[in-house]
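Visitor: Attaching a single structure in structure tokens format; questions to follow.
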Amino acid sequence: MPALFVMLVIIIIKSLSMPGSIEGLKFMFVPGYAVSGGFIESAPSISTVLATAGGQMFFSLSLAMGAMITYGSYIDKKENLVRNSTIIVISDTTIAIMAGIAVIPAAVAYGIQQGIPVGEIALGGPSLLFVTLQNVFNSMGSVGALFGTNFYLLVLIAAITSGISLIEVISTFFLDRAAQKGRKASRPRIVLLVCLAILAEATLVAVDGLGSNGIAPFNLLGMETNVTGWNDCWLDFMDMLSEGLAMPLGAMLMSIMIGWEIHPKSMLDEIHSGAGSGMDGFFSVCMKIIAPLGMVLILSGQISDFFGKDARIAGYIIGIVVYVIGVSVAVTSPMRKAAYK
């Protein structure tokens, strides 16, 4: 969206003009840097940064949610998948860095000005967009209302277009399942049912008001828990289920299926239909070993982020166990035997 890109550039200029924004840039780009004035008590470790970035890539690149598979099935076989993938990754990374420059320095500068301790300001997750950035707009004075209104309107449009792409994934799944069973399903009916299910979940998030209305997941059931980070509100809870657990586990199992159960050659044939070969061996190693183990690191980081640092080891154990079981099932699958004939 060109308009959102222009708004992002304007916010970057405003963000970098705020007193103390240089501290935010250092916090963002200098490994292990702690902001002065007691605002940031401890800087995140490199492993935490990598795990968090790995979790973010699922949303940024629409990975592990079927979007790439669904829309990839629509493109022409002559398309150069290697070139397209490279363009997507470079563009996404560039915009992500710009978004970080727009938000993090402003958030740190605002916190320093207000004397807010690190525990009371969000530098990540949904609250960064809906709470921290809102405070930044409020600090701009009368012009902040204009910037904020336009920015969140563009975010809404971007969210709607992203939502449409994910609705297509779910709808296509049910349409394909019906076709496999010899039935012809109604696309409008399936889309309507999917939208109603999403509306029900979205209503719960909206009514919760980011935890301000006292209906956080466990509180709604009359239970109390000291676990925070994912139980504060329904948005964080659903974020934990999707980004924290479902996506890394789904990506791991998908890479295991492609690397160990289905012969990698079937994927390489699709790539070669629009581009020449060159990294076939590396692709196979990535699918079998590098990608799954990378998901173990991300899963551990996500579990640590949502459940506390003491849960990091549990994340490693869960990831490794899932990897071993997944590979064991894949290598004994009848589908593997048929693919490798």
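Visitor: Determine the sum of side-chain charges near LEU61: Lys and Arg each +1, Asp and Glu each -1, restricted to other residues whose C-beta is under 14 angstrom from that of LEU61.
Guide: Details: positive: none; negative: ASP92, GLU243.
Surrounding charge for LEU61 is -2.
Visitor: Okay, moving on. Please give the net charge around ASP176, taking every other residue with its beta carbon less than 15 angstrom from that of ASP176, where Lys and Arg add +1 and Asp and Glu add -1.
Guide: +4
Visitor: How charged is the neighbourhood of LYS77? Take every other residue with its Cβ under 13 Å from the Cβ of LYS77, and add Lys/Arg as +1 and Asp/Glu as -1.
Guide: Working: positive: LYS78; negative: ASP76, GLU79, ASP269, GLU270.
The answer is -3.
Visitor: Turning to a different aspect of this structure: Going down the table (LYS78/LYS265; LYS77/LYS288; LYS184/LYS288), which pairs top 28 Å between alpha carbons?
Guide: Cα-Cα > 28 Å for LYS184/LYS288; rest within.
Every read-out reported here was derived from the displayed coordinates using simple, explicitly stated rules and does not represent laboratory data. Everything quoted here is computed from the prediction, not taken from an experiment. Here Cβ is always computed from backbone atoms with ideal geometry, including for glycine, and neighbour counts include all displayed protein chains.
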